[in-house]
1. Just checking, which of 438, 431, 472, 478 is among the hydroxyl-bearing types (Ser, Thr, Tyr), surrounded by fewer than 23 Cβ atoms within 10 Å (Cβ to Cβ) and either outside the structural domain of residue 355 (by TED's automatic domain parsing) or farther than 30 Å from residue 577 by Cα (or both)?
2. For segment 400-428, what are the residues that are modelled with pLDDT of 95 or more, surrounded by fewer than 18 Cβ atoms within 10 Å (Cβ to Cβ) and not small (Gly, Ala, Ser)?
3. Which of (1) within 21 Å of residue 182 (Cβ to Cβ); (2) more than 15 Å from the ligand (Cβ to nearest atom); (3) crowded, with 23+ Cβ neighbours inside 10 Å is the odd one out, the single condition residue 284 does not satisfy?
4. Being touching a Ser or Thr at 6+ places or on another chain (Cβ under 8 Å), of a type outside the set (Phe, Trp, Tyr), in contact (Cβ under 8 Å) with a residue 12 or more places away in the chain and within 27 Å of residue 219 (Cα to Cα): is that true of residue 97 here?
5. Of all residues in segment 241-279, which are within 17 Å of residue 302 (Cα to Cα), charged (D, E, K, R) and within 16 Å of the ligand (Cβ to nearest atom)?
6. Taking residue 349, is it closer than 26 Å to residue 336 by Cα and either in contact with a Lys or Arg (Cβ under 9 Å, 6 or more places away or on another chain) or among the charged types (D, E, K, R) (or both)?
7. Kindly indicate whether residue 538 is more than 21 Å from residue 377 (Cα to Cα), in contact with a helix residue (DSSP H, G or I) (Cβ under 7 Å, 6 or more places away or on another chain) and not acidic (Asp, Glu).
8. For segment 157-190, which residues satisfy the criterion of being surrounded by fewer than 21 Cβ atoms within 10 Å (Cβ to Cβ), more than 16 Å from the ligand (Cβ to nearest atom), at pLDDT 95 or above and under 16 Å from residue 137 (Cβ atoms)?
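The values are calculated or read from the model by the stated rules, or taken from the named source; none is laboratory data. Quick caveat: nothing in here was measured; it's all calculated off a predicted structure. When we count neighbours, we look across all protein chains shown, and the Cβ atoms used for this are built from the backbone with ideal geometry, even at glycine.
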Amino acid sequence: MSSPASDVVVHPAWLPASAFALFDGRLVAVPEGSDADPVVETLRREVSRAGAKIVAPGEASVVFTIDGERSQREGFTISRDGSRIVVTAANGRGLLDGFFHLVSHREAAFTPGTGIEGTFTPAVPIRMLDHWDNIDVHPVMGQVERGYAGGSLFYDDGDLRWDLSRLDDYARLLASSGVNHVSINNVNVHRTETTLLTERLGWVGRIADKFRPWGITTHLAVNFSAPLVLGDLDTSDPLDPAVQDWWKSTAERVYAAIPDFGGFVVKADSEGQPGPFAYNRTHADGANLLARAVAPFGGIVHWRCFVYNHKQDWRDRSTDRARAAFDHFTPLDGQFDDNVIIQVKYGPLDFQVREPVSPLIAAMPNTRVAIELQVTEEYSGQQKHVYNLAEQWREIFDFDPWGSGGARLWQIAAGQAEGGRTGSIVAVANTGDDPFWTGHPLAQFNLYAFGRMAWDPTASPAALLDEWIALTFGADPTAVGETVRALLAGSRDLYESYTAPLGVCFMVNPGHHYGPSIDGYEYSPWGTYHFADRDGIGVDRTRATGTGYSGQYHEPWATRFETLADCPDDLLLFFHHVPWSHVLHDGTTVAQHIYDTHFAGAERAAELPGLWGELQPLADDGALDEALFTRVAALLDEQARCAAEWRDQLTTYVWRHSGIPDAQGRPLY
Ligand code: GCW
């Protein structure tokens, strides 16, 4: 076991004591807990911790009650009985969700007529955070792959953390936001991490014990070649009976140790991870192999679709990474077992700031689909820049793959699209052992918003921001709240304005993916090109003259993306290769658009430190957490610096390649 964690002060995020003020002194009735449903006991503790007194239902002003006959197993109902609030649910987790619903509504919760009553049911049953945590510190990726918030909350340099008590606070934060499933290791499952299934299974059990009282189910990412990697067999062929037996007996051992284990997450045939292709088998063969091992116990397999050739020849312009997931998986629709959920990244490339929604999500009506998001900000400023992910998720969830009048994207995961089946909403976590949990303190908002939007994918980012600000910083409209709102609202558009333009993607430094490197991936094997030259820029993904990717969409999008005049400007360079002088819908040329957005974006970023700096007196007199103030101040300086670097590289690149001067004569180098 590793050494005890230092006694660092952990920030309460959106659950400071002040957030519970309305329960202080209140009389509340809560059922007795039981071994069968430990979350009820958690609720009792939460109610007491909030300062309420637990009393019999007859004396209470808030009554939590379990209704075993309730038709919805998930969610809760809030009603009023005279002046009493009654929260009803089928189980402890439903009641806990109801409790946090009241907390998040603050005064309104106890004010009649404010509309907090009703039945609240999550859109999807599985709202999962995937942690890309390594046990061993990986030589390139560190303790947490794409982690920007310090080390792992679970592991510390080769070992399980000696002190897991911080997971109590973590699980509480996740549960309060709506998350109810976690996967606890990297999907790139290295040798040591493979043993979480076997000799290190006890660790998984200890972590699951921490999440269980909050109604959170634990899953594990597994290595498809585990039987081979662990040296038990000389094959991982999914059709080999010995391999099938290996997975069955392994699953039996896992469920004997952790009876409520959630299931497996798998990255196969992707970026060097092993998979069924090695045996000429399909991904349905592979997924069903694992699904059949966990099915007797109610387990689920989340099978990722991030399958593409990462050793592409950049000279070959016919291969298109964006096509790959759709091409691999749509022929398999209908072949996956019922307990397989196909996990698809929201875009066809890789968590970019602007890419079209993946056509695969709407192309498998006979398959359960999970939409995969990244809360960790690999490509969106790495928790050094302010970036409001909820604003981006709003657009993603609202995308209408069959055109207006048809289902929205989120409804596919929710099983509400025609012929569709219920899937899940999943995101890669942005947390670590950083005292602020998320590196950038304002990135806590994204964690909160993920849970809330996985529960209610129609939620408004502005309303969630208000809710989160009130919980975290207090409800009164203060300078802090106003400034935080000013920083976060619109921050996605701001980031986009000074980074890769018009949906062209990447242009980041290879490897770590932070900061500009316009040609960084241009001659690499990764399939992420922009094809800029003296004449123009962009990827021709049309059916007429390009890779044909536009044809993977249903109408009206297939035609809209294909047709230069109709393609949305913000995705122009994703679908078309155009001259620098191409005129956008607003009348500016591509070259001038890049100049204008980048100069304006960097200028705006340069103003942010000053805006935040106005709060200095509040930090001085203790009204604002000084450590938080200082951390944000330093990060805003870095954002401003980095935005200027992006501006100068992008604008100079355009100038040198196109020879088109900036109409406003701003400095180019
Ligand atoms: O975005 C890419 C990341 C990899 C990651 C991969 C994936 C875990 O750069 O670090 O690997 O996606 O989603 O599997």
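1. Values: 438 fails: surrounded by fewer than 23 Cβ atoms within 10 Å (Cβ to Cβ); 431 fails: surrounded by fewer than 23 Cβ atoms within 10 Å (Cβ to Cβ); 472 fails: surrounded by fewer than 23 Cβ atoms within 10 Å (Cβ to Cβ).
Step by step, each of 438, 431, 472, 478 is checked, and only 478 is among the hydroxyl-bearing types (Ser, Thr, Tyr), surrounded by fewer than 23 Cβ atoms within 10 Å (Cβ to Cβ) and either outside the structural domain of residue 355 (by TED's automatic domain parsing) or farther than 30 Å from residue 577 by Cα (or both).
2. Hits for segment 400-428 are 400, 402, 416, 422.
3. Tallying (1) within 21 Å of residue 182 (Cβ to Cβ); (2) more than 15 Å from the ligand (Cβ to nearest atom); (3) crowded, with 23+ Cβ neighbours inside 10 Å, residue 284 fails exactly one: (1).
4. Numbers: touching a Ser or Thr at 6+ places or on another chain (Cβ under 8 Å): no; of a type outside the set (Phe, Trp, Tyr): yes; in contact (Cβ under 8 Å) with a residue 12 or more places away in the chain: yes; within 27 Å of residue 219 (Cα to Cα): yes.
In short, no.
5. Result: 267, 269.
6. Values: closer than 26 Å to residue 336 by Cα: yes; either in contact with a Lys or Arg (Cβ under 9 Å, 6 or more places away or on another chain) or among the charged types (D, E, K, R) (or both): yes.
Yes: the conditions hold for residue 349.
7. Working: more than 21 Å from residue 377 (Cα to Cα): yes; in contact with a helix residue (DSSP H, G or I) (Cβ under 7 Å, 6 or more places away or on another chain): yes; not acidic (Asp, Glu): yes.
Yes: the conditions hold for residue 538.
8. Correct list: 158, 159, 160.
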